[in-house]
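The values are calculated or read from the model by the stated rules, or taken from the named source; none is laboratory data. Just so you know, these numbers come straight off a predicted model, no measurement behind them. Backbone-built Cβ (ideal geometry, glycine too); neighbour counts: all protein chains shown. Ligands, DNA and RNA are excluded from the accessible area calculation, which covers all protein heavy atoms including side chains. Shrake-Rupley method; radii C 1.70, N 1.55, O 1.52, S 1.80 Å.
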Amino acid sequence: MATEAKKEAAAEIGLHLQDLVLDSSDVGEFLNELAAYSANSLSRPGLSVYCGITVIRRKRAVTIASSNDCARAMDELQNTFGEGPCLTAMKEMATIHVPDLRDEHRWPDYVRAVGGQGILSILGVPLPLEGQTRAALNVYSPEAHGFSGEDIAEAEDFAERISKSLRLALRIAQLTDSRNDLAAAMQSRTTIDLAVGAIMAQNRCSQDAAQQMLTRASNSRNIKLRDVAAGIIASMTEDAAVHTHFDE
């Protein structure tokens, strides 16, 4: 009977996570919804926990999501000091358990800073992802020794489940970023090509010569090549908008 109940709970979690991925407009919204759902799922009668999720992409971009302001403050302080259970969990890819912050000595600056936040025990659980992206689920309890062995195992199992949805959301975000970068590059290239054409017409010169003129103007004014090109187009037409057409 217990096995059936676990299967039903797992299926319900899977469906909810799928809906989160499909309904979120961007990865930031997804992470905030995921943090709130994590807090609700890991809380138990008599004890509400707070959750935060930290994602480090491309070694530097930090995305923080949280179930409430307290969790956000705890996570932001870790990034401020560059130390704490979450960052250690990501670095070591192992669960970090802080039974009582008052007895914790591993991250002295962080521990001193969070002393007045009303949190006494913490779990940092790594989320297995791909490549160089790192993430962790941070679970905070206002009680000392707030996490039993069963609670820790449940948090680790839950982290394993949500990591699959997080991987999917990050893949979608990467594809969106790549598409936007490509669109921006195409628009920039179109602007430059139009300006080169205008210079060729005005000076009756070759394409290479026109490109060199544009580059010299950019270097001498310390202005981006695209901006110099946009200025040339604006000086020649009332409608300076540049439209790049490609298949969506």
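A simple packing score, the average count of other Cβ atoms within 10 Å per residue, orders the peptides 139-152, 42-55 as 42-55, 139-152, with the highest score first. Residues 74, 186 ordered from highest to lowest accessible area at a 1.4 Å probe: 186, 74. Once you have the Cα-Cα distance between residue 161 and residue 208, take 0.36 nm times their residue separation minus that, and quote the gain in nm to one decimal. Full extension of this stretch gives 11.3 nm more. Annotation: extensible slack from residue 68 through residue 93 equals 6.5 nm (criterion: 0.36 nm per residue apart, minus Cα-Cα distance). Shape of region 50-107 from its Cα gyration tensor (a ≥ b ≥ c, root eigenvalues): rounded if a/c is under 1.5, otherwise prolate when a/b > b/c, or oblate? Verdict is oblate for region 50-107. Classify region 181-234 as rounded, prolate or oblate from the Cα gyration tensor: take a ≥ b ≥ c as the square roots of its eigenvalues, call it rounded if a/c is under 1.5, otherwise prolate when a/b beats b/c and oblate if not. Oblate shape, in that a/c is at least 1.5 and b/c is the bigger or equal ratio. Full extension of the chain segment joining residue 106 with residue 223 gains 37.3 nm, where the gain is 0.36 nm per residue of separation less the Cα-Cα distance.
Projected label points at residue 193 and residue 43, each 7 Å from Cα along the beta carbon direction, are separated by 5.6 nanometres.
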